[in-house]
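Peer 1: Would you mind keeping the following structure in view while I ask a few things?
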Amino acid sequence: MTTPLAEVLDGQHTAERRKAARALLRTPLLLAHGAYADEFRLVRRHASELREWFDRNTGWPLQVDAETARLGKIPGMPENATHPAREATRSAAPFGRRRYVLLCLALAALERGEVQIALGRLADQIVLDARDPRLAAAGIRFTLDRRDERLDLAAVVRLLLHLGVLRRVAGDEDAYVSGAGDVLYDVERRVLAGLLATRRGPSTIRAETPADRLTELTAETVFDSDELRFRALRHSLTRRLLDDPVLYYDELTDAELGYLTRQRGFLTARINELTGLVPEVRAEGIAMVDPEDDLTDIRMPESGTRGHITLLLAEYLTAAGGPAVPLADLERRVVELAAEHAGFWSKSAREPGAEEDLAEQAVARLAALGLVDRTADGVVPRPALARYAVGETVVLEPRTSGTARMPSQRKTYLP
C-alpha cells in the first residue's frame, strides 16, 4: 500500500520541526554560517511554530532574523551552578570566577567598540574597566601582566569565537599569551546583541548580593489571576523538564507539585511531541529520556578513564549507605580502584595525589546529572543514582542448543 502524499509531507514537516527544536535546545544561539548552518535554516523555516510553542510552554522568547536564531533560555533553577561555561577546547575546563568577570568585561568593551578590534586593545580596555572601585572592593584585580591572566583572557576570547561573537582575521591567541604577537578580530554585532537572555537589563539591578542580583535578573511579572498563575507554573515545570536531567518532586513547591500531579500527562506529551524526549516517571520524580542521546552536555556512562571512575564511584555511592559519604572516602576509593584497574587507566590517573582531582571531577559530573547533592557532610546520593547500583550476579541456565550464556549483572532502577 502506498502512503498518501499528505501523510508523507506531514511526517517530513514534523521531523524537520523536531530537529529544529532539538537544535535550539542544544545550541540556543544558531548562526546562518558555520557548523550549524543547516540547523539554522530549519529553525528559520519553522520559526513561527517554534516561537508559538516556546512562548506558550516555557515563556522563552525566540528571535530569528537573516543571520541568527536566539532562544532566550532561562533555566528553571537559575541558582544551579552545576553547568558552568567551559573552554572551547578539548579539555572543556569550567570557567572560574576570574574568567566570568573577564567575560563580562570583554562583552562590555566589545559593545562600546568598533567593528574590528585587536586582542591587545581589548586587553587594555579590560584592564582599565577593572579599576572600578566596586570590583576592587570585591577583591577583583586584573593587570594581565601575568601569564595565567593572559591565558584566562585567551580562554574567554576562544569562547566568544565559538559563539560567533568574534571572527578571527589574523593572528593567534597563543602568540598573544607568549607576548610574541597580537590578534585581529571582526566583531559580529548582531550576535553580540543577542547574547544576553534576561528579563531586565543588568544596569537596572540594585541588589547587592549575587543571589539577589540573579533573582532580579530573572524575575518575571507577578500574576494576579488563576490563569496567569497556572501559566507561570506550566512555564517553570516545562523548563525544568527540558533542561534538568531529573525533576525531583521534593524540590517543588506545593503549588508546582499540585499542578504537575494534575497536568503531568499533558506536559510530558507536549514535550515528547516537539522533541522526541520520552518521559520516565518514577516514585521520586520524572526524567525526560533522550533516545537519540544528543541533548546533553554530560554523558553517563562515558568512555575514558574519568568516565570509568565516575561510573565506579556511582556504584560505590549506591552501596555505601548512609545519608552522606565524605569526599575523603571517595578519594580513598579512587586509590583502591587505581590499583585494581591499573592496566586500563591512564598513567596520570595512577599517579600519587591524583585521587583528589579525580574524585572532585567525578562528584561534579554526578551533581550535574542530578544524581548526587553536595553538603557540608559530604556527597549525598539522590534516588536516580540507583540506576547505577550493581545487584547480585545472576547465572542463567544454558540454552537448549547447548550454547551457554555469560553471567550478567542486574541494574537496580528507581522504584
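Coordinate-derived values only; no laboratory data. Please read these numbers as outputs of a predicted model, since none were measured by experiment. No Cβ is skipped: glycine too gets one built from the backbone with ideal geometry, and neighbour counts run over all protein chains shown.
Peer 1: Which GluC sites (Glu not before Pro) in the range 100-176 pass both tests, a DSSP loop state and at most 14 other beta-carbon atoms within 10 Å?
Peer 2: Qualifying residues, ordered by number: Glu114.
Peer 1: Report the relative contact order of the chain, percent, no decimals, based on alpha-carbon pairs under 8 angstrom and at least 6 residues apart.
Peer 2: Computed over the chain, the figure is 11 percent.
Peer 1: How big is the charge dipole of the range 305-390 about its Cα centre, in debye rounded to the nearest 20, if each Lys and Arg gets +1 on its Cβ and each Asp and Glu gets -1 on its Cβ?
Peer 2: Value, rounded to 20: 320 debye.
Peer 1: Could you state the number of Å between the C-alpha centres of the range 141-174 and the range 177-221?
Peer 2: Going from one Cα centre to the other spans 17 Å.
Peer 1: So how do Asp152, Asp293 line up by other beta-carbon neighbours within 10 Å, fewest first?
Peer 2: Ranked by crowding around the Cβ, least crowded first: Asp293, Asp152.
Peer 1: For the range 231-362, what is the relative contact order in percent, using Cα pairs closer than 8 Å and at least 6 residues apart in sequence?
Peer 2: The normalised contact order for the range 231-362 reaches 18 percent.
Peer 1: May I ask you to list the trypsin sites (Lys or Arg not before Pro) in the range 113-175 that are in a DSSP loop and have at most 16 other Cβ atoms within 10 Å of their Cβ?
Peer 2: Arg131, Arg141, Arg146
Peer 1: Give, in nm to one decimal, the length gained when the segment between Arg229 and Glu251 is fully stretched (0.36 nm per residue of separation minus the Cα-Cα distance).
Peer 2: 6.0 nm
Peer 1: Please get the size of the charge dipole for the chain, origin at its Cα centre, with Cβ charges of +1 on Lys and Arg and -1 on Asp and Glu, quoted in debye to the nearest 20.
Peer 2: 500
Peer 1: Does anything in the range 113-134 have its amide N under 18 Å from the 7 Å Cα→Cβ label point of Ala193, and if so which residues?
Peer 2: 113-116
Peer 1: What is the distance in Å between the Cα centres of the range 352-367 and the range 226-265?
Peer 2: The two parts, judged by their Cα centres, are 33 Å apart.
Peer 1: Below 8 Å, C-alpha to C-alpha, sequence gap of six or more: please give me the relative contact order for the range 5-71 in percent.
Peer 2: Reported as a whole number, the value is 33 percent.
Peer 1: Taking neighbour counts of Cβ atoms within 10 Å as a proxy for exposure, in what order, fewest first, do Lys73, Lys19 appear?
Peer 2: If I rank by nearby Cβ atoms, fewest first, I get Lys19, Lys73.
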